[in-house]
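Some notes on the structure that comes next.
Each reported figure results from applying straightforward, stated rules to the coordinates on display, with no laboratory input. The model shown is predicted, which means the values in this text are computed figures rather than measured ones. When we count neighbours, we look across all protein chains shown, and the Cβ atoms used for this are built from the backbone with ideal geometry, even at glycine.
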Amino acid sequence: IALGANDVFSVTSPKRFRRDITELLNIFREKYPEAQIFMANVPMVRDFIALPNPLRFLLSRLAKSHHFSTIELVKEMPNVFYFEDVGRVDDDFFSDGIHPSAKGYDLWSEAMVESYLRQIE
């Protein structure tokens, strides 16, 4: 599951974000009780070079809040895994300063697969 960017850009409150994620995961769990669920990290807006400051700074703080909320939530749920890596990325990771480029998607997907495999061991 990849989510979070629209919640950041829509300035979804941390409380509502956590409620919405919980509801989504509960729906998945009801429909697919044995499934392993892997969630991509909430995008780290701090690296979105297309956004000017102070907007980037403020949205980055909200993204960070959603990120840590997701980490805490996932700890409580069996067979739900979260890609926690929020390392810095180079500018060529993005196609437009916000969305990943082909190279960005390749790097991101490789890192997520490695993370998932480590977590299920």
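Considering Cα pairs under 8 angstrom that are at least six residues apart, work out the relative contact order of the chain and quote it in whole percent. That works out to 28 percent.
Around the amide H of Phe94, modelled in the peptide plane, lie the amide H atoms of Ser101, all under 5 Å away and 5 or more residues distant in sequence or on another chain.
Counting every alpha-carbon pair across the chain, the share separated by more than 26 Å comes to 22%. For Met39, the residues whose modelled amide H falls within less than 5 Å of its own, excluding neighbours fewer than 5 places apart on the same chain, are Phe81, Tyr82, Phe83.
For Lys31, the lysines whose Cα falls under 29 Å of its own Cα, not counting residues fewer than eight places away in the same chain, are Lys15, Lys75. The stretch 1-65 and the stretch 85-121 have Cα centres lying 16 Å from one another. Here the spin labels are modelled as points 7 Å beyond Cα on the Cα-Cβ line, and at Ile27 and Ile71 they lie 2.7 nm apart.
The phi-based Karplus calculation (6.51 cos²θ - 1.76 cosθ + 1.60; θ = phi - 60°) puts the 3J(HN,Hα) values of the stretch 26-41 at 5, 5, 4, 5, 5, 6, 9, x, 9, 5, 8, 10, 10, 10, 6, 5 Hz, whole numbers, x for Gly and Pro.
Counting neighbouring beta carbons within 10 Å and listing from fewest to most, the residues Val113, Val8, Val80 come out as Val113, Val80, Val8.
Could you calculate the contour length gain from Phe57 to Val86, that is, 0.36 nm times the residue separation minus the distance between their Cα atoms, to one decimal place in nm?
8.9 nm
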